[in-house]
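The values are calculated or read from the model by the stated rules, or taken from the named source; none is laboratory data. Being a predicted model, the structure only gives us computed values, none of them experimental. Every residue, glycine as well, gets a Cβ built from its backbone with ideal geometry; the counts of neighbours run over all protein chains shown.
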Amino acid sequence: MSGVSTYVESYYSATAKGAKERPALRGDTTCDVCVIGGGYTGLSAALHLAEKDYDVVLLESERAGWGASGRNGGQLGSGQRKGQDELVSLFGREEAQRLWDLAEESKALVKDLIRQHEIDCDLKPGLLCCAHKPAHEAELAEYAELLRRDYGYAHVRPVSRQEMSGMLGSTVYHGGILDSDAGHLHPLNYALGLANACEAAGVRLYENTPASGISSGAQTTVRTAGGVVKSRHIVIACNGYLGRLEPRIAGTIMPINNFVLATEPLGEEGARALIRDDVGVFDTKFVVDYYRLSADQRLLFGGGETYRQSFPKDIAGFVRKCMLRVYPQLADTRIDYAWGGTLAVTLNRLPAIGRLDGEIYYAQGFSGHGVALTSVAGKVIAEAIAGTAERFDVFARIPKPKFPGGTLLRWPGLVLGMFYYSLRDKL
């Protein structure tokens with residue numbers, strides 16, 4: 001069918017479950033809430049609103065889960081993107097506790113949604129954070145103790161360098177911490193499961209329907225090429241694909257690109273020689289390496305970033321360099337898939353969630369921690385629309401600094417900053 005979007009070629013799209021084509025919007029319609037964006041945030045908001053008996057229309061410019069929600073590393077982490085010690089310094093102990101509680105609820109919510117809607121997405125327990133530098137080992141151990149002491153979080157423990165060498169088939173790390181309540185999953189299948197749950201709850205989901213403009217007033221309006229949606233409320237959940245849709249919030253995020261490869265199947269023995277306990281893994285570099293095993297015993301390895309709209313011509317070669325620094329023994333291993341996606345970061349690496357003109361809600365800038373946080377973001381937006389905004393306001397109170405230079409000049413400043421931190425990684 002001409003003009004119909006397909007998913008990017010990736011290991012995730014090759015193993016997608018429950019994908020189906022949905023129609024584009026043709027003609028005008030009305031609803032209670034129009035959600036723009038069919039990633040985790042928009043799907044969660046739409047599902048929770050439908051469960052509250054709201055009439056919801058969801059517009060996705062491509063396919064459900066087409067963007068970062070269907071291409072990411074699949075790691076379901078604890079807490080916020082910033083550590084709790086940093087949050088206490090920024091906002092005080094009580095507010096840091098609220099942010100921790102919401103993040104932990106989001107992690108539990110993902111697991112609950114998977115169970116409730118029987119989403120087949122290979123959810124597995126455990127995330128291992130690896131110290132990239134010797135000094136990081138003690139810092140991580142201290143942080144684990146802080147979580148246990150101040151937040152009663154008993155699921156995290158230090159891992160020595162010696163133990164680490166038994167857990168991973170690599171000697172590049174200096175110990176770390178293991179979080180047994182965190183985990184990893186097949187991100188596209190989780191998104192597809194949410195989309196199907198939305199439709200089962202009554203959400204009208206239109207694909208291949210980019211929003212071209214929005215307006216507010218007595219009735220909010222979303223314009224598309226094929227029609228207009230009039231509603232009482234709008235939820236903007238576009239993240240790195242926001243573009244020029246809403247200039248008032250565009251300057252608070254920077255779209256960046258990240259990349260993942262999938263090796264050939266390694267077999268049970270070969271896979272467990274790399275990651276013995278089948279946990280997700282990430283390190284403490286500023287430009288993070290992250291990796292895990294797939295259900296069919298491949299290594300899925302993510303690494304490297306770019307800051308332009310275009311992707312590297314050889315994505316596999318781009319990421320392979322990162323992989324071989326960790327696993328040089330994979331030099332002769334075939335790469336079957338390599339792909340990239342666009343996410344959005346904020347200056348303070350905390351999500352930008354808020355409201356415009358009273359009835360336009362938005363959530364964006366999850367800064368690489370979106371597999372968990374997006375679910376609760378959608379839920380608290382649904383609560384706020386239903387009239388209970390206390391939990392939404394915890395996120396809304398987080399400052400939303402704009403990148404210097406706005407959307408026009410933010411790119412050069414970010415590149416200089418990233419170059420500085422990448423040099424620190426190497427040193």
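Across segment 336-365, which residue is nearest to residue 302 (Cα to Cα) among those that are touching a helix residue (DSSP H, G or I) at 6+ places or on another chain (Cβ under 9 Å) and polar (S, T, N, Q)? Out of the qualifying residues, it is 342.
Looking for something touching a Gly at 6+ places or on another chain (Cβ under 9 Å) and over 30 Å from residue 397 (Cβ atoms) - is there at least one such residue anywhere in segment 90-108? Outline the logic, then answer.
Filtering segment 90-108 for residues touching a Gly at 6+ places or on another chain (Cβ under 9 Å) gives 99-100, 103-104, 107.
From the residues that got through so far, the ones that are over 30 Å from residue 397 (Cβ atoms) too are none.
The answer is no; no qualifying residue exists.
Apart from one condition, residue 384 fits all of (1) in contact (Cβ under 8 Å) with a residue 60 or more places away in the chain; (2) touching a Lys or Arg at 6+ places or on another chain (Cβ under 9 Å); (3) more than 19 Å from residue 100 (Cα to Cα); the exception is (1). Applying the condition of being under 21 Å from the mean Cα position of the chain (by Cα) and among the polar types (S, T, N, Q) to segment 84-111 and asking which residue is surrounded by the most Cβ atoms within 10 Å (Cβ to Cβ) yields 106. Looking across segment 130-143, the residues that are out of contact with any helix residue (DSSP H, G or I) (no Cβ under 6 Å at 6 or more places or on another chain) and within 23 Å of residue 73 (Cα to Cα) come down to 130, 132, 133, 136, 140. Restricting segment 133-160 to residues that are over 26 Å from the mean Cα position of the chain (by Cα) and loosely packed, with under 15 Cβ neighbours inside 10 Å leaves a set whose member that is farthest from residue 83 (Cα to Cα) is 160. Can you tell me which residue in segment 376-399 is surrounded by the most Cβ atoms within 10 Å (Cβ to Cβ), limited to those that are over 17 Å from residue 240 (Cβ atoms) and under 16 Å from the mean Cα position of the chain (by Cα)? For segment 376-399, the residue satisfying everything is 376. Can you tell which of 350, 373 is modelled with pLDDT of 95 or more, surrounded by 22 or more Cβ atoms within 10 Å (Cβ to Cβ) and part of a loop (DSSP other than H, G, I, E, B)? Sole residue among the options that is modelled with pLDDT of 95 or more, surrounded by 22 or more Cβ atoms within 10 Å (Cβ to Cβ) and part of a loop (DSSP other than H, G, I, E, B): 350.
For residue 319, the stated conditions do not hold, so it cannot be described as surrounded by 17 or more Cβ atoms within 10 Å (Cβ to Cβ), of a type in the set (A, V, I, L, M, F, W, C), within 24 Å of residue 126 (Cβ to Cβ) and out of contact with any Gly (no Cβ under 8 Å at 6 or more places or on another chain). Restricting attention to segment 162-174 and to residues that are more than 15 Å from residue 279 (Cα to Cα) and not hydrophobic (A, V, I, L, M, F, W, C), the residue that is surrounded by the fewest Cβ atoms within 10 Å (Cβ to Cβ) turns out to be 162.
With the structure loaded, tell me whether residue 281 is aliphatic (A, V, I, L, M), closer than 16 Å to residue 72 by Cβ and surrounded by fewer than 19 Cβ atoms within 10 Å (Cβ to Cβ) or whether it fails that test. Full working, then the answer.
On the way: aliphatic (A, V, I, L, M): yes; closer than 16 Å to residue 72 by Cβ: yes; surrounded by fewer than 19 Cβ atoms within 10 Å (Cβ to Cβ): no.
Answer is no for this residue.
Is there a residue in segment 22-29 that is touching a His at 6+ places or on another chain (Cβ under 7 Å) and buried (at least 18 other Cβ atoms within 10 Å of the Cβ)?
Step one: list which residues in segment 22-29 are touching a His at 6+ places or on another chain (Cβ under 7 Å), which gives none.
For segment 22-29, residues touching a His at 6+ places or on another chain (Cβ under 7 Å) and buried (at least 18 other Cβ atoms within 10 Å of the Cβ): absent.
So in segment 376-392, with the set limited to residues that are among the aliphatic types (A, V, I, L, M) and not in a loop (DSSP other than H, G, I, E, B), which one is nearest to residue 233 (Cα to Cα)? By that ranking, first place goes to 385. Within segment 209-254, considering only strands (runs of 3 or more DSSP E) that don't extend past its boundaries, which have at least 3 residues that are surrounded by fewer than 20 Cβ atoms within 10 Å (Cβ to Cβ)? It comes to 211-215, 228-236. All conditions in (1) at positive phi; (2) in contact with a His (Cβ under 7 Å, 6 or more places away or on another chain) hold for residue 368, with the sole exception of (2). Output the residues belonging to segment 286-329 that are touching a helix residue (DSSP H, G or I) at 6+ places or on another chain (Cβ under 6 Å) and assigned to a loop (DSSP other than H, G, I, E, B). Correct list: 286, 287, 289, 297, 307, 312.
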